[in-house]
Amino acid sequence: MSSEFLANEINLICLALLFMLTGKLRHTHIMAEKRFFFYLAAVLNMILIFIEIIYGFVNGATGNFMRNMNWTINMLYYIISSCMCFAWYLYSENMLKETSHRKKIHYWPEALPVLVVILLTLTTRFTNLMFYIDEADFYCRGRMFFLQTMINFGYLLYASIHALYLSEIAKTYREKIEGRALSMAVIPVVLFGCTQIVWPEAPALCIGCTLSLVYIYLTLQEQAISMDSLTGLNNRITLYSYLNDLARHPRNGKKEWILLLDVDRFKFINDNFGHFEGDN
């Protein structure tokens with residue numbers, strides 16, 4: 001089995017997982033309005049996988065058409081991979097907006113590093129700074145290749161560290177879980193991304209991104225299951241999880257309190273005015 005065939009097989013598996021994930025995401029209520037950037041990151045990752053597959057056919061192929069395709073494919077890869085990391089950063093920041101008490105996310109100033117990558121990539125055919133195609137029509141890294149890597153990893157690492165910090169100061173158990181999940185989700189992307197830097201032919205980055213997206217989706221799906229759909233409050237499952245977590249990691253010097261509320265004769269409201277009014 002050739003390495004190229006194996007790489008395409010891995011890419012197709014990742015693509016199938018992302019197709020299923022995005023399809024499920026369209027018919028679920030989890031993440032509500034914050035899921036746009038998650039959906040965007042997933043779609044951009046799917047485009048990257050398509051580019052990876054095409055790259056295997058055009059890299060090193062002879063002829064002017066294939067050479068131009070090689071330039072175009074690699075330019076798209078650089079631009080879309082940076083946009084995907086920025087989309088993940090925006091998703092993480094939007095998810096943790098309430099915890100951080102951040103009133104507004106300034107999209108354009110925070111997108112400046114991505115714009116720098118886009119500008120350098122669009123002009124690389126004349127400067128060879130980001131990459132170039134050699135005389136044998138093979139892709140080669142340019143002198144400023146690591147600038148794009150640093151910017152991409154910078155977005156991811158900042159999002160991870162910020163999420164971890166906010167999870168430690170969060171006041172609710174749900175915010176703690178979300179912050180920890182967002183922090184941990186970056187690890188596969190960084191590890192597999194570093195692998196692809198060392199072995200450029202391996203489709204490692206797309207694998208890491210797919211694992212991260214699936215992990216976040218499953219974590220938030222679990223959160224949705226443990227939340228009361230009527231009130232938006234945590235249900236008994238989350239209470240048990242919280243108490244187990246508290247037993248394993250007690251907060252020294254701080255007391256924990258449990259408040260129980262009971263409404264008498266609530267059945268009277270449902271029987272006389274209906275369950276809809278009872279819900280209100």
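The values are calculated or read from the model by the stated rules, or taken from the named source; none is laboratory data. Just so we're clear, the structure is a prediction, and the values are computed from it rather than from any experiment. Cβ coordinates were reconstructed from backbone atoms using ideal geometry, including for glycine residues, and neighbour counts include every protein chain displayed. Ligands, DNA and RNA are excluded from the accessible area calculation, which covers all protein heavy atoms including side chains. Shrake-Rupley method; radii C 1.70, N 1.55, O 1.52, S 1.80 Å.
Selection of segment 212-256 for residues being out of contact with any helix residue (DSSP H, G or I) (no Cβ under 8 Å at 6 or more places or on another chain), under 26 Å from Thr22 (Cα atoms) and without any contact (Cβ under 8 Å) to a residue 40 or more places away in the chain yields Leu218, Glu222, Asp228, Ser229, Gly232. Residues that are within 25 Å of Leu191 (Cβ to Cβ) and either of a type in the set (Ser, Thr, Tyr) or without any contact (Cβ under 8 Å) to a residue 12 or more places away in the chain (or both) number at least 1 in the following helices (runs of 4 or more DSSP H) confined to segment 69-160: 112-122.
Residues of segment 163-172 that are part of a loop (DSSP other than H, G, I, E, B), within 14 Å of Asp245 (Cβ to Cβ) and open to solvent by 40 Å² or more (accessible area, probe 1.4 Å): Thr172 alone.
Among the numbered conditions (1) crowded, with 17+ Cβ neighbours inside 10 Å; (2) touching a strand residue (DSSP E or B) at 6+ places or on another chain (Cβ under 8 Å), the only one that Cys140 does not meet is (1). Residues in segment 254-280 that are at positive phi and open to solvent by 90 Å² or more (accessible area, probe 1.4 Å): 1 in all.
Among the residues of segment 247-256, not a single one is touching a Phe, Trp or Tyr at 6+ places or on another chain (Cβ under 6 Å) and in a helix (DSSP H, G or I).
Take Leu156 and tell me if it is at pLDDT below 90, closer than 17 Å to Phe37 by Cβ, of a type outside the set (Phe, Trp, Tyr) and surrounded by 18 or more Cβ atoms within 10 Å (Cβ to Cβ). No: the conditions fail for Leu156. Of all residues in segment 173-188, one or more are touching a Phe, Trp or Tyr at 6+ places or on another chain (Cβ under 7 Å), open to solvent by less than 40 Å² (accessible area, probe 1.4 Å) and over 22 Å from Thr210 (Cβ atoms).
Please find, among Leu112, Leu90, Leu119, the residue that is out of contact with any Cys (no Cβ under 8 Å at 6 or more places or on another chain), of a type outside the set (Gly, Ala, Ser) and at pLDDT 95 or above. Matching residue, one of Leu112, Leu90, Leu119: Leu119.
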